[in-house]
Amino acid sequence: MSAASRAPAWTDSSSASRPAIRHDWSLEEIEALFALPFNDLLFRAQQVHRAHFDPNAVQVSTLLSIKTGACPEDCKYCPQSGHYNTGLGKEKLLEIEKVVEQAKAAKEAGASRFCMGAAWRSPRERDLDVVLEMVGRVKALGLETCMTLGMVDTHQASRLAKAGLDYYNHNLDTSPEYYGEIITTRTYADRLDTLANVREAGMKVCSGGILGMGEAPRDRAALLQQLVRLDPHPESVPINMLVKVPGTPMENVEDMDPLEFIRAIAVARILMPKSHVRLSAGREQMDESTQALAFLAGANSIFYGDTLLTTGNPQVERDRALFDKLGLHPEPIAPETRRDDEQTETALAHAIQRQRDDALFYDAARG
Ligand code: SF4
């Protein structure tokens, strides 16, 4: 890719493509976006996307399950729930050194953020002590950190924030109306409380949902409306396509039309212009064309690596090949999340990272 093509030519500061950030979208307005002709919707999403982001940069995260299985919650899509027999082995909390080893490998492979997930209803204090040390050790590698540990109260959120955790992931999953069909062991209000606690503690919020769980189109609009009401919007919005795992109650649910999924990405992009919209679980089932459309619709974050908690993720080589085909490059780590002693070297680090990205994602011989 030439240097010229990387100039910030995407920047469009016109008011048409830089609409005010809103939190008061009505359900009807959101449904009207979903109903736009497909090309019009994608054009509008791409306009918004270009006003706020380099359209060819994709933030790359790696996800590690630090405690797998035997979760007391009954999320009907989840192989880690102890309520369903999915043949998934139960594991204890991983040792800190193993987590650090994986984080180093993720960084070597080009990830800028390391996400750690534990299948808990809520972390116990003694587990939290270990987790806080993980945060410090992973952050010291120069990676952004994200955790998903279930519900957290204000005290737990504050401890995580003080340890330097950058992002906390807690998904809303679906609309308030459909929620009871998916989870009965915690309420929608519980989820909103956790998100409020995370925000109040000063961490960035990662929250999205899962599509293709048999919900109605209105539920997709209502899920996005809930996310939009969060003020500020979540910095990261994972939009997942259900992975139908045998043994879960969702194993035989009807497939979602991939174009409907792309519409949801585009609407999320329009509603939350400054958020990273993450093409998340379910990517392995998508062909390259669907993924390309998702990037065109405004998705600009992916999980990269061999595993996505307990379901498969496209192999690293396939991702590199796709980035190459589409002329995409990994987004450098955000300067504000670097450690202080790294700040002065930000410009140099970006240059080095870009060179490294080139080596990782492009065949230099074809450059
Ligand atoms: S989604 Fe999370 S909370 Fe729900 S069963 Fe799975 S691990 Fe537990």
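Read the figures in this text as sums done on the coordinates, not as results from a lab. Computed from a prediction, not measured in an experiment: that's the story for all the values here. Neighbour counts are summed over all protein chains in view; Cβ atoms, including those assigned to glycine, are modelled from backbone coordinates with ideal geometry.
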task = Rank-order 36-47, 108-119 by packing density, defined as the average count of other C-beta atoms within 10 Å over each peptide's residues, highest first.
result = 108-119, 36-47
inquiry  = Please list, in order along the range 94-104, the HN-Hα scalar couplings obtained from phi with the Karplus expression 6.51 cos²θ - 1.76 cosθ + 1.60 (θ = phi - 60°), rounded to whole Hz, x for Gly and Pro.
reply    = 4, 5, 4, 4, 5, 5, 5, 4, 5, 5, 4
inquiry  = Taking θ = phi - 60°, what integer Hz values does the Karplus form 6.51 cos²θ - 1.76 cosθ + 1.60 yield along the range 142-153, in sequence order, with x for Gly and Pro?
reply    = x, 9, 6, 10, 9, 9, 10, 10, x, 6, 10, 8
Gained length - K98 relative to S289, 0.36 nm times residue gap less alpha-carbon distance = 65.2 nm
query = If the limit is 30 Å between Cα atoms, which of K107/K162; K90/K325; K67/K162; K67/K107; K92/K325 go over it?
reply = K90/K325; K92/K325
remark   = Given 92-101, 223-232, the highest-first ranking by average Cβ count within 10 Å works out to 223-232, 92-101
ask   = Roughly how big is the range 22-327's charge dipole about its Cα centre, with Cβ charges of +1 (Lys, Arg) and -1 (Asp, Glu), in debye to the nearest 20?
value = 740
task = Name the aspartates and glutamates eligible as straight-distance cross-link partners of K204: C-alpha to C-alpha under 20 Å, and not fewer than 8 places from it in the same chain.
result = E133, E144, D153, D166, D173, D190, D193, D231, E235, E331, E336, D340
remark   = Using alpha-carbon positions, the gyration tensor of the range 22-327 gives root eigenvalues a ≥ b ≥ c; with a/c under 1.5 called rounded, otherwise prolate if a/b exceeds b/c, else oblate, the class is rounded
ask   = From the square roots a ≥ b ≥ c of the eigenvalues of the alpha-carbon gyration tensor of the range 126-203, which class results: rounded (a/c under 1.5), prolate (a/b over b/c), or oblate?
value = prolate
task = Between R121 and D74, with labels modelled 7 Å along Cα→Cβ, what's the label distance in nm to one decimal, could you check?
result = 1.2
note = Contact order relative to length for the range 87-168, counting C-alpha pairs under 8 Å separated by 6 or more residues, stands in percent at 34
query = Taking 0.36 nm per intervening residue step and subtracting the Cα-Cα distance, what contour gain separates E251 from E317 on full extension?
reply = 20.9 nm
